[in-house]
Amino acid sequence: MERSEAYGFSGAMSGAFLLSCLLFAAISRRQRGPYMDEVFHVPQAQAYCHGRFLQWDPMITTLPGLYLVSVGVVKPAAWLLGWTGSVVCSVGMLRFINLLFSAGNFYLLYLLLFKIHQKNKAVSGFQRILSTLTLAMFPTLYFFTFLYYTDPGSVFFTLFAYLMCLYGNHKTSALLGFCGFMFRQTNIVWTVFCAGNVVAEKLNEAWKTELQKKKDEKISSKKGSFSDLTRMLQFLIKYLISPKNLVTVTALTWPYIILVVVFFGFVFINGGIVVGDRSSHEACLHFPQLFYFLSFTAFFSFPHLLTPTKVRKFLLSLRKHPVQYSLITVICLFLIWKFTYVHKYLLADNRHYTFYVWRKVFQRHELVKYVLVPFYVFAGWTFVDTLKSKSIFWILMYFVCLLAVTVPQKLLEFRYFILPFLIYRLNIPFPSIYRQLMELFFYILVNAVTFYLFLNRTFQWENSDEIQRFMW
């Protein structure tokens, strides 16, 4: 990092942290007590603070990573600073843990952007800092910086594991992946993603060697036509059934394999992936979740995805491959018809934005969910098009992980999209500075509206005296 870039990065990170501290103070003044899921998380962390590690709230569905880290930070700080009484492990103190995680996420995002795009010499330090600031302000994640939720810590350990994987430190990556798993069980998918990065790199090298042997210049090691994709899949199967290749891949990815084995052991002993209350977290094949994620990504990445150039390219592709797109459309219609699920929370909890999205859009008419299919197809095409700089094996690996982390979820919850979105956004090419600034200003606007609604547009339910607030 050059000196000017170091100064710029330090200024951006310090400014972002100062802004977060001011927002933290405002939110803590308005909402002093636990809110929403905090009513479960805060008492559980406080029980750990008092040494009651065997106490467990059966309504909590995630492992105790957040509470263990909180106690590990707060208790030594209280001892060093002489804090006593209710201030130790208070609601505000516990929320501050996530403010620390957000600072760590800011730094990790910068390091990941630097590592992933290090070969692109055209990217300036200003662009890296701007993209880091933008992703750090990503609305769905940034909002939960100020509440005692698992999301900031889950993102921190997962991004840290990804960074260590990219640097080839796979033992450390697997250990950090375990920490992420302790925050949220579905993060095991991103451990598989880290292992998949290693496998994809080896496959790409072997594929290039195969092309060199055949001297077939018509096949690309990147994203190609449908026939090229078929040949690549045949090569993939051939490569993975070779004992020699399996030994090589296993030798490189064994730390991740051990963690996956531990995960399956946990699932067997626990009787499922969810701890605590399972009644509202049943797994199912909810394929439209992929379409919701693509729409979510198109909304938050519109400066990159919804451009006139991309629309023209999509229409040209549509004219060239009408049969393939017709087949994709039919498949989408079938998946929506047979695999759409509506969780009871989505219909009942009017504090979440998803409640209004579902009521204002999808419940307008029975046909709305089918009418949106052309947009889903376009969103999927432009999503993949922005990843064309990655190898086909990386793209396949990412999509397998994306399906694994979204499709089994019955509840439409934007928090579930945070990690797949960030990993996607980190890996697309840097856009122009103009589009980066547009994205940043859009995020700032969304955050401003979100915090305004949360702090000022409160309401009450008929059967409750508690103040309710709108949130993600």
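The values are calculated or read from the model by the stated rules, or taken from the named source; none is laboratory data. From a predicted model like this one, the values you see are computed outputs, not experimental measurements. Don't worry about glycine lacking a Cβ; one is built from the backbone with ideal geometry, like all the others, and counts go over all protein chains shown. Just the protein is used for accessible areas: all its heavy atoms, side chains included, with ligands, DNA and RNA removed. Shrake-Rupley method; radii C 1.70, N 1.55, O 1.52, S 1.80 Å.
Structure notes:
- Leading residue by the ranking (surrounded by the fewest Cβ atoms within 10 Å (Cβ to Cβ)) among those in the range 423-472 that are of a type in the set (D, E, K, R) and over 12 Å from L135 (Cα atoms): E462
- Count of residues meeting criterion [hydroxyl-bearing (S, T, Y), open to solvent by less than 30 Å² (accessible area, probe 1.4 Å) and either more than 22 Å from L54 (Cα to Cα) or more than 27 Å from the chain's Cα centre (by Cα) (or both)] in the range 65-89: 0
- Odd one out for T209 among (1) open to solvent by 40 Å² or more (accessible area, probe 1.4 Å); (2) under 14 Å from the mean Cα position of the chain (by Cα): (2)
- Take the conditions (1) at pLDDT 95 or above; (2) open to solvent by less than 20 Å² (accessible area, probe 1.4 Å); A404 misses just one of them, which is (2).
- Whichever residue in the range 121-137 is assigned to a loop (DSSP other than H, G, I, E, B) and more than 15 Å from the chain's Cα centre (by Cα) and, among such residues, is surrounded by the most Cβ atoms within 10 Å (Cβ to Cβ): V123
- Residue in the range 296-305 that is open to solvent by 80 Å² or more (accessible area, probe 1.4 Å) and under 19 Å from L422 (Cβ atoms) present: yes
- Scanning the range 79-113 for residues that are at negative phi and without any contact (Cβ under 8 Å) to a residue 24 or more places away in the chain returns W79, L80, L81, W83, T84, S86, V87, S90, M93.
- Residues of the range 5-44 that turn out to be among the aromatic types (F, W, Y) and farther than 24 Å from V69 by Cβ, as a count: 2
- Annotation: L81 fulfils all but one of (1) more than 23 Å from S154 (Cα to Cα); (2) in contact with a Leu (Cβ under 8 Å, 6 or more places away or on another chain); the unmet one is (2).
- Enumeration of residues in the range 306-352 that are open to solvent by less than 60 Å² (accessible area, probe 1.4 Å), closer than 21 Å to D385 by Cα and polar (S, T, N, Q): T307, S317, T329
- Residues that are within 20 Å of F96 (Cβ to Cβ) and touching a Phe, Trp or Tyr at 6+ places or on another chain (Cβ under 6 Å), drawn from the range 48-65: Y48, G65
- Scanning the range 445-472 for residues that are outside any helix (DSSP H, G or I) and either of a type in the set (V, I, T) or out of contact with any helix residue (DSSP H, G or I) (no Cβ under 8 Å at 6 or more places or on another chain) (or both) returns R457, T458, F459, Q460, W461, E462, N463, S464, D465, E466, I467, Q468.
- Just one of the listed residues (T382, T386) is touching a Leu at 6+ places or on another chain (Cβ under 6 Å) and in contact (Cβ under 8 Å) with a residue 60 or more places away in the chain, namely T382.
- For the range 366-394, a residue qualifies if it is in a helix (DSSP H, G or I), open to solvent by 10 Å² or more (accessible area, probe 1.4 Å) and among the β-branched types (V, I, T), and the qualifying residues are V368, V371, V377, V384, I392.
- Boolean, T191 is farther than 22 Å from L68 by Cα and buried (at least 24 other Cβ atoms within 10 Å of the Cβ): no
- Check on A45, surrounded by fewer than 16 Cβ atoms within 10 Å (Cβ to Cβ), small (G, A, S) and part of a helix (DSSP H, G or I): no
- First in the range 343-368 and in contact (Cβ under 8 Å) with a residue 24 or more places away in the chain, second anywhere and surrounded by 13 or more Cβ atoms within 10 Å (Cβ to Cβ) and of a type in the set (D, E), Cβ under 9 Å, 6 or more apart: H343/E413; Y345/E413; L346/E413; H352/E413; T354/E413
- Number of residues in the range 153-188 that are among the charged types (D, E, K, R) and open to solvent by less than 10 Å² (accessible area, probe 1.4 Å) equals 0.
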